Amino acid sequence: MVQIKAGERYLLLFYIVKKGGKKVKITAITQQVHQPERYSVFIDGEFAFGLIMQDIVYFKLKEGEEIAQEKYDYIKNELVYIKAQDTALYYIGYKMRTETEVRKKLIEKNFTEDIIERVVEFLKRYNYVDDEKYCSSYIKERLRCNPKGKYALKMELKQRGVKESIICRALEQSDIDEFGDAVKLLEKRCYDLGDIDEKEKKRLIVFLQRRGYSYDIIKEAFNSVTKKE
């Protein structure tokens, strides 16, 4: 990833700022609530971007004053974009994320839609974000540490914003064994299924249903474990 260092960006600004030409008006500069170190800059009454005070002072941005279109474009397309890109890369640096999760994080940080689109496009182009790989990894980890049925896995992935078609394809390609996992869970929860009352049996059925197993799988698992007893 190409980074623009502080000194370099200011040198670039020297070339782009010039007298005359189109200008835009700064109508407000307000401190952000959730990120008090950053300030929202409004152009012609609409949110344009967020900057730290150091940048606001350097670029001489003041409420009620006009700035050259070239300066505005530079701040928006270079400075703010790089900040958004760095925010996204940090967010996915310690854990895989879905495209939707990245978008939500950038929205939380008050980046505009056009900047978010550019960042997501960059992340997908270089495979930093890949919902198919995410699904495959998520399912494998779930089955290894905390087995659940296909329905539960599907719902969890949908909550993370993954498209249903991608989820279904990932589940089909996985090594999930719902019957085997349900049997193991039953054996772990109850040592003697042949000696439980109806109330306890219903409790175990509800337990497996909450973990995403269908009634047919649950019935088959009960029959298998009972025969072993």
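Coordinate-derived values only; no laboratory data. Because the structure is predicted, anything quoted here is derived from the model rather than measured. Because the Cβ atoms are built from the backbone with ideal geometry, glycine has one as well, and the counts that use them run over all protein chains shown.
Can you compute the helix-only [θ] at 222 nm over the chain? Use -39500 (n - 2.57) per DSSP H run of at least 4 residues, normalise by all residues, nearest 500 deg cm²/dmol.
Calculated at 222 nm, the ellipticity per residue is -17500 deg cm²/dmol.
Tell me the label-point distance for the pair Met155, Lys188, using the 7 Å Cα-to-Cβ offset, in nm and rounded to one decimal.
Calculated label separation equals 1.9 nm.
Note down the nm distance, to one decimal, between modelled labels 7 Å out along Cα→Cβ at Lys124 and at Leu89.
A separation of 2.0 nm, rounded to one decimal place.
Most mobile of Phe49, Phe59, Phe111 per a Gaussian network model of the chain (Cα springs, under 10 Å)?
For the chain, modelled as a Gaussian network with Cα springs under 10 Å, the answer is Phe59.
How much length, in nm to one decimal, is gained on full extension between Gln32 and Asn77, taken as 0.36 nm per residue of separation minus their Cα-Cα distance?
14.1 nm
Under a crude label model (7 Å from the Cα following the beta-carbon direction), how far is Ile52 from Lys25 in nanometres?
Placing both labels 7 Å beyond Cα along the Cβ direction yields 3.2 nm.
Return the subset of Lys154/Lys202; Lys109/Lys140; Lys104/Lys158; Lys150/Lys199 for which the Cα-Cα distance in this structure is over 20 Å, preserving the input order.
Lys154/Lys202; Lys109/Lys140; Lys150/Lys199
Just to be sure I follow: if Rg is taken over the C-alpha atoms of region 59-154 and Rh is the Kirkwood radius over the same atoms, what is Rg/Rh? Write down the numbers at each step before the final one.
Numbers: Rg = 18.2 Å, Rh = 15.6 Å.
Ratio value, two decimals: 1.17.
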